[in-house]
Structures are given as structure tokens and as C-alpha cells.
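What follows is a structure written as C-alpha cells; I'll ask about it next.
The values are calculated or read from the model by the stated rules, or taken from the named source; none is laboratory data. All values reported here derive from a predicted model rather than from experimental measurement. Positions of Cβ are generated from backbone atoms using ideal geometry, with glycine treated the same way; all protein chains shown enter the neighbour counts. Surface areas here come from the heavy atoms of the whole protein model, side chains and all, with no ligands, DNA or RNA. Shrake-Rupley method; radii C 1.70, N 1.55, O 1.52, S 1.80 Å.
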Amino acid sequence: MSTLSFRNVWVEYGNQVVLERINLEIASGTFLSIVGPSGAGKSTFLRLILGQEKPSQGAVLLDGQPFPAEPGPDRGIVFQRYSVFPHLTVLGNVLLGYELAASPFTARLFGSERKDAVEKSRALIEAVGLGPHADKYPSALSGGMQQRLAIAQALAKQPRVLLLDEPFGALDPGTRAQMHALIKPLWHEHKTTIVMVTHDIKEAFGLATRLIALDRPRKDPQAPERFGARITYDLDLTRDSAVPVLGFIRASVHVAQ
Amino acid sequence: MSTLSFRNVWVEYGNQVVLERINLEIASGTFLSIVGPSGAGKSTFLRLILGQEKPSQGAVLLDGQPFPAEPGPDRGIVFQRYSVFPHLTVLGNVLLGYELAASPFTARLFGSERKDAVEKSRALIEAVGLGPHADKYPSALSGGMQQRLAIAQALAKQPRVLLLDEPFGALDPGTRAQMHALIKPLWHEHKTTIVMVTHDIKEAFGLATRLIALDRPRKDPQAPERFGARITYDLDLTRDSAVPVLGFIRASVHVAQ
Amino acid sequence: SLSPAYAEKKKEFNIAWTIYVGWMPWPYAAESGIVKKWADKYGISIKVTQINDYVESINQYTAGKFDGVTVTNMDALTIPAAGGVDTSAIIMGDYSNGNDGVVLKKGKTMADIKGQKVNLVELSVSHYLLARGLETVKLSEKNIKTVNTSDADIVAAAKSPDTTAVVTWNPQLLEVKAEPGATLVFDSSKIPGEIEDLLVVNTQTLKDNPELGKALTGIWYETIALMKDQSEKGKAAREAMAKLSGTDLAGFETQLKTTFMYYEPKDALAFMTGPELPKIMDHVRTFCFDHNLLGENVKSKDAVGISTPSKALGSTTNVKLRFDPTFMKMAADGKL
Amino acid sequence: MPRAMNVVPNRGSRLLLALLPFLLIALIYVVGSAQRRADNPDDKLLPPVSEMVATSKRLATEPDRRSGDYLLWSDTAASLQRLALGLGISAIIGLTLGLAIGLLPIAGAGFGTLVAVLSMIPPMAVLPVLFIVFGLGELSKVVLIIIGVTPTLVRDLSLEVQNMPREQLIKAQTLGASTWQVAIRVVLPQIMPRLIQGLRLMIGPAFLFLISAEAIASDVGLGYRIFLVRRYLSMDVILPYVVWITLLAYVFDYALVWFGRRVFPWAYAQGSR
Amino acid sequence: MPRAMNVVPNRGSRLLLALLPFLLIALIYVVGSAQRRADNPDDKLLPPVSEMVATSKRLATEPDRRSGDYLLWSDTAASLQRLALGLGISAIIGLTLGLAIGLLPIAGAGFGTLVAVLSMIPPMAVLPVLFIVFGLGELSKVVLIIIGVTPTLVRDLSLEVQNMPREQLIKAQTLGASTWQVAIRVVLPQIMPRLIQGLRLMIGPAFLFLISAEAIASDVGLGYRIFLVRRYLSMDVILPYVVWITLLAYVFDYALVWFGRRVFPWAYAQGSR
Ligand SMILES: Nc1ncnc2c1ncn2[C@@H]1O[C@H](COP(=O)(O)OP(=O)(O)OP(=O)(O)O)[C@@H](O)[C@H]1O
Ligand SMILES: Nc1ncnc2c1ncn2[C@@H]1O[C@H](COP(=O)(O)OP(=O)(O)OP(=O)(O)O)[C@@H](O)[C@H]1O
Ligand SMILES: [Mg+2]
Ligand SMILES: [Mg+2]
């Protein structure tokens, strides 16, 4: 049932330790928020799930199985920017997912197959509130509309895991609120596992069922890159009041900045 | 003492009315915030003060005098982006203002003149907290540091009016708070008139002594461009509780969207 | 393909020509059907192709892209023959009798050339003419400075104020001579027979396909008979040739005056088989060797053998340029 | 007085200003021509405009006595055909190789340096080799254009692919795209506008190579004619031909812009990406 | 099996892959050369490598029989001097005109179209005029390079100026800058990296024009030698010269990159602007 497991995962670039000793089980259907300072390794964490990055130690498993070392249709993603294809209309962007799956060589659909795919695409576009804009190019859409399109596009593949890397970071507060109102019911309906990176604590608390914080518990000013980030908080947000799951593990060794 | 006056100012582009019937007096030393929806004409308003734009009707006056129809050293500006010169170091960016004034032909200073200018520049750089970074190029600075540099650069000319067009819009909340902490004492010290456009209502209230909102009071869906924006709120924020200056003039004719 | 068009029997042949008064019969023959007529007679087909750039046409022949090419005696020696392509000259069309000349803008006699910069196509027959001209006034190449100038641009070059001396051939020579203040101080009429305009073909191809030689010779003499003809028909032919070379009838005839055409096959035959030719070729090959034209590694002027009907020059094991009178003799005897 | 940089001429004066240098050049030409003719009535270098017009008219409207062709048109047709063929093939090679080098790290490693080195070889220097390898037919002329134009196109397009946001390629993969599908549905359409841009920049060089090739071996074409009459310095033919070539290049450029805007509207909309 | 686009070769195999096509070309050449020599021992078209090495050595280390010069070096010196002069003058004109057209709306209106039209004229076609106006000396060769290179540089640089964020120009004015001051302190330094970039792109065309000019009228230079020995199909001279020119162009390109990075570090830092 698409449980994501991190088993003693380390990520290192040469000398630099980015993530160290990450152990985590993410149950299917979880909405997990990740917060943490810049450079903590939040995007690296997503890249691990995406298969873009391999852990230097440990393993990342989906339902107990290691997954292919490259992005695939079971894991969707929405980035902060560049998330839609500028050369395709709104409809074309959503349609693309269907076309790629159905037609390996031309990656285009014709006739009734196309009709079906268009219908499904339109339904998704409608669901994210872009109905009247289906024939526009992304350049004619506002930032918020582009992100909604990116979400529709990702949902078309019905991925088991949906990754969001600061998806609303570039939006103004009003649009951001709209997006929040949009994403929650979509998640409810599709039952995907969502992992979202955000800088906005309010957003993290508002949307997620679980929240983890990545940070370096040890900071050695002489060699800042010798210690990687770990999970410093892990909160279950489904309870009435937020309750730490692993408890408060910060503290211990903390060399002042 | 550098009072800015708008006398029945209209700005039109062809058929499109952007601003209509703007009447405003901005007293010297005011910190004026401007808020309003996108496209309301906030940047146009600043361009009027800058001299980049001429009103199609009415007049903008500084101390009762119309000012030259182009930007000049009496009115400084900080934009949201592109506000510093990428090819000059931090010191070079601030120094430039002095060099331009002192040396019309080469726009460079030498010897003791340069020494004096460097000293003054360093003091300003110190004031905005960039002391240790004086020899870095802007590309090595974070967004917040670049904006601080832009402010130092503008202050070097001791402009009578300082215009800020969403100066902190691109910054994350933490850096934004730092900038607020920086700008207020600087304004106090230099006694400039500041006009700041912002999308962040909290910022507008937090910094300004006066706040105006620009918006289109009439919206005709058939011909949205036939009506321009006016000042819909004008609040004096120096009183204990915010009090409208012109009162609540919204209401009247309001065709629903 | 890269391999030269050597050997074996074949039916289709390619001949290249470039614009020059003595070679204009070729395109005219192709256009007026004379080529087809003779080719059909010998059961072959011949394609006559114009190349804009003279040197390129010889290079192409040397590389095997053409079976035959119009060329001067000197260039036949220095390009294909020195390049190892065994070449036979089967038609002696004419010699330059004033078509090549030395023109001075400053000076009235050949001796005045001393110390000047001379624009010419280096290492060509112009260069040879210049060397011969210098000999007549006891000067050598050390006394002048040569500037290599493309033949298509030499007229423009001559108009340039800093150009004072030019060596070139027709039709450019006519334009250069016409410049105000220009004097023709030396020309090829002073060295008659030394600059010969030939049609050469690949020896091996000719050996395998003697019909080619017969057809080409047949074409040539039928066409130049028309060229000589003073009737309307001849005039029309000359006019067409003039057009083809980019000038008009008057201009063409002016050039023709300074060209010694061997209209009769027997005259050409007499020259080729006579004692003058080896003397001339000896002169030419000496010039070529002195100027490194036979190749950088060639240690003596005898390296490339030349055979003429009356006498062989140089290496006998490496004969690469042959003056072959067989076909002109057939024409003279009316056996084509 | 506003600063010079802030003085924006209005429509009328913009037009006038744009025409001014052309009028000036025309004037200088006319005066120069008249003066040279006064010095030497046979001068060929700067023929009067009337003479050029007459010659152009003859070339364009009277059939050549010899071949029956209308020279200007047969030359133009021959040259344009070579040009179109050369640019067309270059575009196809440029797209294919550029895409491969940009998208596939292996192709990039294998061909990247090669293309960089090839693009540094001046095609004119290998012209003699070209003629020998490809013969003197249409092929060698087209090949010269291809050799001159393609390396730049390939470099340009592969750079464009490499500069595409990585996010898009990852996104496409999460939508299930194979490498081939990424290439044809995501990368190819997005580099097409750049190809148009590249072709526009290459019109000049392509004409240059065409003319150089035609100068050496040809019997029809704009370059051939120019080099043919150069022997007689017939500037009354050369100058109209130069103007004509310039005009053709200009029209071609314009057509490419128009085509690009029509077919790739998304690329020209403001703020795309 | 990962997708082809995700296969990244490691350092060693990258080097190998880069060398592979060169080795392949070398192999094809050696085989072709041997084959032709077997057919015709005097073949000049594809001389064996040993012969080319010997010829190169002779050209570089033995004085020429005719002139007493060390040909390779005298040719290189002459060509590089022309090239440097041509590119240098082009750079200066390009900067001046590009800046004026980009910054001053009046200059843009006046010269913009002119430069666009001029850039479409194939320089080779107007050579006769050049010869007569500029003579046959060094000047006309340098002028051909300038004519060929400058319009593109001007267009490129004026576009760069026009694409500069308006905000910077306004900012400069609020700091009290006059038009002249904006030009020299704000715009000029910022377009310098683009000039370097433009010059890099123009090395190829510059060599092209140089070689063409030298082919037409010259007595020393790399292009002169290539077109002179072309008469004798001396591929053992032409091919090493082509390699040498390519190498020179490559070094020149590299030097420009190095210079740019050193002198304009801000332009190469990540995320500038
Ligand atoms: N390919 C790479 N090679 C070397 N270091 C890398 C690489 N990718 C990331 N890093 C380093 O890993 C660390 C974590 O980067 P990551 O992008 O995951 O941070 P983040 O938490 O997403 O930060 P942000 O909030 O700024 O997006 C950074 O210090 C970064 O410099
Ligand atoms: N040069 C121009 N020509 C025509 N219309 C213009 C021009 N400049 C601005 N406008 C129009 O004037 C209106 C106001 O623009 P302005 O940039 O002042 O808005 P704004 O309030 O600053 O918006 P934002 O918050 O998005 O920056 C917009 O509708 C815009 O389209
Ligand atoms: Mg990140
Ligand atoms: Mg604005």
C-alpha cells in the first residue's frame, strides 16, 4: 500500500554530508510536510524519493521494494517553477501524460482514444478551476494558475506518491490561500501520499497530517559540512494537539554559531 | 520643505484610464505606503513622481514647482529587482553616486577626493550592515543584502524623496523582517520623504506613517479600462488607532464583478 | 567516389572547360549539337561542363572527376603530370599571340618594371610570361615583387591606385589595357608558340577508349571551321561564343586577333611534330622547376618525363605528359 | 533639456531618421558616379543609376539571346534552390545532433568536442578539398553551405537544450516519458524557436558560402553571374545583383520571423517560462 | 535499464568518447591515403601523415627557396596581424555604435535599419568596390574583416543594451548620471562580456573573410598559401595549414574566455542579476 521507507539513509557529496542517518516510515495516504532551513537537504530528500539521487548508504523503499533509480510515473512532482511545459496549452499539458502512456513512438493520440483522453483531461482541468482557460498557453496564466495546472498534470498519472517542492513559494499570500483550499480536497479524493517541502510553517501545519523538520543538530563552525542534517522534529498533526512522534531529539550537542 | 502635491492628476494610455482624479499632498518626512491590487497603477504613481511619466491631465509638484520630466538625484528609487549594478562591488555601487556628481566626464575619482568618497560610502555600507562585504560583487550577495545595498546607494545622494517599489517583495519572511528593522531608523535619521509600494498589508501598516490604497471604485465588466484607479483609502497611522484621513470613499457606484 | 576515372571501357565522358577565347568552341559545340553528333557517331556520350575557376577545373581533372580538360601546356605539366596523372595532349588548339600581356601604369618599357609590385596569378602562365619578359631586359624576379591576385578580380585590382603593374590574359587584359595611362610593355606575341592552349585527356582512358579522342577531334575541327567562316553562319557562331564568354562580338574578335588559331589540323600537326615543341617544353619545365612547380620533393627538372613526337624530355620511366598527334593526324587525313 | 537618452523621436521622425542614411548613401553614390563619368566617360566602376536600372530591366525582362532564359530569374531560382537545400539540410542535422548532444550525456561527450573543433575550421580553407570530394555539381555547393552553417547551429541548439530547466525533463519523466518521448514532445518543440533564430543569423553566412561556391564552379546562379562579369568589371550588373541579394536575404529573414511567430506563438508571448 | 538521457558517462569514458570520433577520422584518412597511394604512387590528394609532417616541418624550420622566409611563421604572423587589426577595429566600432543605437532612441532610429540592411550584404560580392576604394594593400583585407564582422557585433551589442533592465538606467539617472556617464559607467562595462562573447562567435567568420581576402590578392598569409598551392593540389601543405588555422582559432577562443573570466569576474559568477 505504497509505504515509503527510509532505512538509515546517508547522502554525501564528496566530503560534504548532506543527510545523515535518516530513518522514516511514511504510511500510505499521509500528507507529510517538510520544513527546515535553506540548504538542510529538503530538496535532496525529495530527490531521493524521485530516484534522481541515490543514497550513499542505506536504502529508500516503496512498499519494501527499492525503486528504479530514475523518475517514473508512480511518483509525480510539482516544482516551485518551470513545472509546466510552455509550448503546450493547458489542455495539451494535461493531455501529454495520457499521450505518453498510450503511444510510445509518436506520443500522440488520435480518434476516439484522443477523445477519451481529452475528456479525462478536461475533467481534471475543471477540478483545479482552469476550465475556461483550457486553450491558453502557460505564458498567459498567472503563477497560481500555472501551479494549479502543474497539479492537474501530476494527478493525471494518479501517482502513488506526489512530491511538492515549495510549490507555492513564488505566489502572493492571496493566491497561496486559494491553492491551499484547492489541494486539500484533491488529496482527500485521490488518496495519494503527498510529501511537501515548504518554508511557510503556517502552510506546513495547515495542510499536513504529519510534519518533519530537517536540520543539522551539530554545527561545527570550523567544518560546517562535516555533519549532515537529521530529522529534528517529527509531529503527528492528526491528533487534536500536535504531538511529537519521535519526541524532541534536538538539544544534545549544539556548538553555538 | 519638499512637499509632494498631486493636483487632479490623470494618467491615460490611449483609451485606457490608469489613474483618475488623484489629489494628494504628501508632507515632508512622511513615510507613505501605497497598497492596491495588481494593475491598479501603483508603479505608475511612482513613475509620476520619478518624472518618467507625465500626467495626461493635472500636475505633480515638488514644493509647488513642477519638476524636470526625467529622473534626477533629488528622487531616489529602490526597485524590487535589478536595483544594484552587477558589475560593481558593494563599495563601487555606493561610490558611483559620488563619482557621478564630482566628475562629469570620467565619472571617476582619484586621490584625496576618492578617499573622502570611499569613507562616506563605507559609513553608509556599515549603516546597512554590509561592512564585511564591501568588496563583493552583488552576485555574491543574497537578495536581502542586495536590497540593503540598493538602499545605501539611494541614501548616498540624500534624495528629498525616496521611492520604494515593492522593495522587499522578493524576500523571504525572515529577511523581510530584518529589512523592516533596518529601514525605520534610517528613515528617522535621514528625514527623507519615503513613498513605498507594497503588497504586504502588515508591512504597510508596520512601517508607514500614512497609508493610501489605490483601486478602481467603478468596475464595468464590459469596459474595464474605461475607469481608472483612485485613492480609495487614506489612513493616518501616526495616531494611536489608524484613522482615515479622507474618510471612507469606497462604496458609491460598484458594479459587481 | 574518390578513385580517379581510370581504366576500363566506358560510354560516358566528362570534359571541363573554362572561359578563354581559344576554348569557346567547346561550349558552342555542345550547345549547337556538334558534340552530340560526333559522340553518337562513335557510340559514346560526352558531357561538356563549364568551370568558373580555371585552376579548379584542372584540379578536378587531376582528381579524376573529368576525363579531359582545356589547359595550357605549362599547367598540364605542373598540375596533372606532376601530380602523377598520365596526361595526353590530343588537340593543339592555338597559341597565345598577344592574349597574355604585361601592363604598366607607371612606365613605358619592360625595363621600367624594375622595383614595382606586380599583380598576377602567381605560378600561372602569366608568371611564365613575366619571367620571359624580365629575361629580355636582363632582369630577374629578384628585381620585382609579385602579388598573387585572383583572375576574376584582377580588373578591379588594376583600377586600384596602388597597383602599378599587372600581368594577365584576355579578356581581363583588354580591360586592364584600356585604363588611362596604361601601357602594354610585353606580350605573348614576343614568345610565339610558348603558351599553348590544349585539350588534354587522361592517357589511360584514351588508351581504353580511342573513340573519345576521335570524337573530340572531330568536334573541334568542325567547330573551328565554323568559327573561321566569314559568312553569316560563322558570324552567328562567333557571336554565340562571344556571349558565352560574357562579351560581345567586337570584344570577342579583338581577342581572336591576338590568338593564333590552328584552324587546319595539318598546321597543328606540323607544330606538334616539329622541333620547336621540345625546345619550348624544355624552357617551360626549367621555369617550372625553378619555381618549385613540379613538387617540393622533386630534385631535378627531369623528374617528370615529357614525350613529344620528335623528342622525349626527362625521365623515360616516369612519362606523364604526352603530346599525342594521332588524332590530329586522322583529322588532317580526313579519316574521322 | 532632457538627457539625450530620454529623447524619444515620434513615429514620423523615426521613419525620417531611418531613411536618412540611405538617402545619404544614395546621394554620395550619385555624386561619385557623375564625377567619375566626367573624368572618364568609359568608367565602369560607378555606373549611373539609370544605367543600372536599364541593365536590371534587361536581365529581368528580356530572355537571354543565347539560352532563352531570363537571367535574373534563372540565377535567382538556382541560387535559392541551393540555399534552401543547404539551410534545410543544415536545419535537420542541427536539430538532430543538437538535440542528441544536449539531451544525451553520452552523445554530448562523444560529439561535443568534435563539433566545437569542426566549427572552428574555416570552410573556405577546405573549399579545394570539398570540390574534389563532392565534385562540382550541385552537391558541393550545398555541402559548403552545410559545412559552414551546421556546426554553429548544432552548438547553438545543444546549448539551448542544456539550458532548458532540468525540472522540465524530470517532470516529463514523472509523466512516464521515455528518452525518445522527451526528445520529440518536450525538447524538440521547445528548441524550434531557437532554430528559427539560428537560421535567421545564418542567412548571411549561407549566402556568403553560396556565392563563394558559385564563384568557383557553376554555370548559373547569382554568385556565378557576379564573378562572371567581374572580369569585365560590369558594375552595372554587380551592384543590382548585390542589392537583389540583400533584398532576398531581408525577405527571407522577415519570412522566418513571421513563420516563427505564427507557428510558435507561445515562444513570443511575453514572460513565457 | 535507465533511460538513455539518464546515463552519465564517468570522467574516463567521457575522455574516451571525445577522442573516439577524432581517432575514427584519423583512421579513415590513413586507410584512404594508403589506398590511393597504392593506386597511384604520385597521388597528391590524400598524402600520408608522414609526408604532411615532413612538409610541415620544412615549412616551419627551413627557409623558403624563393623568399628565404620561414613560410609557416611569416604566413601566420601576417594573417594574425590582419586578424587582430580587423577584430580590434570591429570591436571598437561595434561597442561605440552598439552602445549608441541601444541607448539613444534617436541613434537607434537613424542607424538601426541601416545596420540591419548592411549586415545582409554579402561582403564578398562587393569586393571590387573595396579594392578600388581601399587599394590592394593590408587595408582592404582588414576592411573586409571589419565589413564582415561589425554589423553582427553592432546588432548584438545594441540588442544587449536594449535588453538591459530599464530599472538600472533609471537608477543611474536618480544617482545623477548624465547620458554620457550612463554610457561609460553603467552600460559599457556591462556589455563588455557580451562583446567577448560576440568576438568569440566572430572568430570563425573573421578567419573566413581573412582567407577570402588573402585568396584574392596577397603575397603572404595563411589563406594566400592555401590558395596558391591549391594549384598543385599540394594537400600536404593545405591540410596542415587547415589544422593549424583551426588550432589558432581554438587558442584564440580559449584566450578570449580566459580574458573574460579574469577581467569581468562578476559576469561569470552564478546568479548574477
Ligand atoms: N549535486 C550536488 N553536488 C554537491 N552538493 C550539492 C548537490 N546538490 C545539493 N548539494 C548541497 O546539498 C545541500 C542541500 O541542498 P538542498 O537543495 O537539498 O537544500 P534545501 O533544503 O532544498 O534548500 P532550499 O531550501 O534552499 O531549497 C546544500 O548544501 C547543497 O549545496
Ligand atoms: N507603457 C504603458 N502602456 C500601456 N499601458 C500601460 C503602460 N504601463 C502600464 N500600463 C498599464 O497601466 C496599468 C497600471 O500599471 P502599473 O504597473 O502601474 O500597476 P501596479 O499597480 O504597479 O501593478 P503591480 O502590482 O502588478 O506592479 C496596468 O493595467 C498596465 O497594463
Ligand atoms: Mg530546495
Ligand atoms: Mg508595479
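Looking at the stretch D:230-240, which of its residues are touching a residue at least 24 places away in the same chain (Cβ under 8 Å) and more than 7 Å from chain C (Cβ to nearest Cβ)?
D:234, D:235, D:236, D:237, D:239, D:240
Let me ask something else about it. List the helices (runs of 4 or more DSSP H) that sit entirely inside the stretch D:111-207 and contain at least 2 residues that are more than 14 Å from chain A (Cβ to nearest Cβ) and at pLDDT below 90.
D:127-134, D:138-162
For the subset of the stretch B:8-18 comprising residues that are open to solvent by 20 Å² or more (accessible area, probe 1.4 Å) and touching a Ser or Thr at 6+ places or on another chain (Cβ under 7 Å), which member is nearest to residue B:237 (Cα to Cα)?
The selected residue is B:10.
Go through the stretch D:101-110 and give me each residue that's surrounded by fewer than 20 Cβ atoms within 10 Å (Cβ to Cβ) and more than 7 Å from chain E (Cβ to nearest Cβ).
D:107
Next question. Filter the stretch C:29-57 down to residues that are in contact with a Ser or Thr (Cβ under 6 Å, 6 or more places away or on another chain) and modelled with pLDDT of 90 or more and give me whichever is surrounded by the most Cβ atoms within 10 Å (Cβ to Cβ).
Within the stretch C:29-57, the match that is surrounded by the most Cβ atoms within 10 Å (Cβ to Cβ) is C:29.
I'd like to verify a number: residues in the stretch B:19-41 that are open to solvent by 10 Å² or more (accessible area, probe 1.4 Å), within 12 Å of ligand 4 (Cβ to nearest atom) and either in a loop (DSSP other than H, G, I, E, B) or away from every other protein chain (no Cβ under 14 Å) (or both), how many?
4
Taking the options B:50, B:46, name whichever one is touching a Pro at 6+ places or on another chain (Cβ under 6 Å) and within 16 Å of ligand 2 (Cβ to nearest atom).
One residue alone meets the criteria, B:50.
Then there is this: Anything in the stretch B:42-71 that is more than 16 Å from ligand 4 (Cβ to nearest atom) and not in a loop (DSSP other than H, G, I, E, B)? List them, or say none.
B:57, B:58, B:59, B:60, B:61, B:62, B:65, B:66
With respect to residue A:17, is the statement that it is of a type outside the set (Lys, Arg), more than 16 Å from ligand 3 (Cβ to nearest atom) and modelled with pLDDT under 90 true?
yes
Given the condition under 21 Å from the mean Cα position of the chain (by Cα) and of a type in the set (Gly, Ala, Ser), answer yes or no: does some residue in the stretch E:99-109 qualify?
No, every residue in the stretch E:99-109 fails to be under 21 Å from the mean Cα position of the chain (by Cα) and of a type in the set (Gly, Ala, Ser).
Residue check, residue B:95 against (1) open to solvent by less than 10 Å² (accessible area, probe 1.4 Å); (2) in a helix (DSSP H, G or I); (3) at the interface with chain E (Cβ under 10 Å from one of its Cβ atoms), all met but one. Which one?
Residue B:95 satisfies all of (1) open to solvent by less than 10 Å² (accessible area, probe 1.4 Å); (2) in a helix (DSSP H, G or I); (3) at the interface with chain E (Cβ under 10 Å from one of its Cβ atoms) except (3).
Any idea which residue in the stretch D:131-188 is surrounded by the fewest Cβ atoms within 10 Å (Cβ to Cβ), counting only those that are in contact with an Asp or Glu (Cβ under 8 Å, 6 or more places away or on another chain) and touching a residue at least 60 places away in the same chain (Cβ under 8 Å)? Show your work before the answer.
In the first step, residues of the stretch D:131-188 are kept if they are in contact with an Asp or Glu (Cβ under 8 Å, 6 or more places away or on another chain); the result is D:131, D:136, D:141, D:173, D:185.
From what is left, the residues that are touching a residue at least 60 places away in the same chain (Cβ under 8 Å) are D:131, D:136, D:141.
Details: D:131: 26, D:136: 28, D:141: 31.
Filtering first and then ranking leaves D:131.
May I ask you to say which residue of A:52, A:65 is open to solvent by 60 Å² or more (accessible area, probe 1.4 Å), within 16 Å of ligand 3 (Cβ to nearest atom) and assigned by TED's automatic domain parsing to the domain that holds residue A:195?
A:52
Now for a separate question. Let me confirm something: among E:90, E:50, E:33, E:13, which residue is part of a helix (DSSP H, G or I), in contact (Cβ under 8 Å) with a residue 24 or more places away in the chain and either closer than 30 Å to residue C:147 by Cβ or out of contact with any strand residue (DSSP E or B) (no Cβ under 8 Å at 6 or more places or on another chain) (or both)?
Numbers: E:50 fails: in contact (Cβ under 8 Å) with a residue 24 or more places away in the chain; E:33 fails: in contact (Cβ under 8 Å) with a residue 24 or more places away in the chain; E:13 fails: in contact (Cβ under 8 Å) with a residue 24 or more places away in the chain.
Of E:90, E:50, E:33, E:13, the one residue that is part of a helix (DSSP H, G or I), in contact (Cβ under 8 Å) with a residue 24 or more places away in the chain and either closer than 30 Å to residue C:147 by Cβ or out of contact with any strand residue (DSSP E or B) (no Cβ under 8 Å at 6 or more places or on another chain) (or both) is E:90.
Residue pairs, Cβ under 7 Å, 6 or more apart or interchain, first in the stretch A:171-198 and within 14 Å of chain B (Cβ to nearest Cβ) and open to solvent by 40 Å² or more (accessible area, probe 1.4 Å), second aromatic (Phe, Trp, Tyr) and more than 16 Å from ligand 4 (Cβ to nearest atom). List them.
A:176/A:168
Out of all the residues in the stretch E:212-229, is one or more within 14 Å of chain B (Cβ to nearest Cβ) and touching an Asp or Glu at 6+ places or on another chain (Cβ under 6 Å)?
Checking the stretch E:212-229: not a single residue is within 14 Å of chain B (Cβ to nearest Cβ) and touching an Asp or Glu at 6+ places or on another chain (Cβ under 6 Å).
Something else: Right, residue A:53: under 30 Å from residue A:7 (Cβ atoms) and of a type in the set (Asp, Glu) or not?
For residue A:53, the condition - under 30 Å from residue A:7 (Cβ atoms) and of a type in the set (Asp, Glu) - is met.
Taking the stretch A:128-144, which residues are open to solvent by less than 40 Å² (accessible area, probe 1.4 Å) and hydrophobic (A, V, I, L, M, F, W, C)?
Of everything in the stretch A:128-144, those that are open to solvent by less than 40 Å² (accessible area, probe 1.4 Å) and hydrophobic (A, V, I, L, M, F, W, C) turn out to be A:128, A:130, A:134, A:141.
If we scan the stretch C:262-282, do we find a residue that is under 13 Å from residue C:195 (Cα atoms) and touching an Asp or Glu at 6+ places or on another chain (Cβ under 8 Å)?
Yes, the stretch C:262-282 contains a residue that is under 13 Å from residue C:195 (Cα atoms) and touching an Asp or Glu at 6+ places or on another chain (Cβ under 8 Å).
A further question follows. Please give the number of the condition residue B:118 fails out of (1) β-branched (Val, Ile, Thr); (2) within 10 Å of chain E (Cβ to nearest Cβ); (3) surrounded by 14 or more Cβ atoms within 10 Å (Cβ to Cβ); (4) not in a strand (DSSP E or B).
Checking residue B:118 against (1) β-branched (Val, Ile, Thr); (2) within 10 Å of chain E (Cβ to nearest Cβ); (3) surrounded by 14 or more Cβ atoms within 10 Å (Cβ to Cβ); (4) not in a strand (DSSP E or B), the one that fails is (2).
Which is at pLDDT 90 or above, more than 13 Å from every other protein chain (Cβ to nearest Cβ) and open to solvent by less than 70 Å² (accessible area, probe 1.4 Å), of B:45, B:110, B:79, B:85?
Working: B:110 fails: open to solvent by less than 70 Å² (accessible area, probe 1.4 Å); B:79 fails: more than 13 Å from every other protein chain (Cβ to nearest Cβ); B:85 fails: more than 13 Å from every other protein chain (Cβ to nearest Cβ).
Only one candidate passes the filter, namely B:45.
Give me the helices (runs of 4 or more DSSP H) completely within the stretch C:209-300, filtered to those with at least 1 residues that are more than 29 Å from residue C:134 (Cα to Cα), ordered by residue number.
C:210-228, C:232-244, C:249-257, C:265-273
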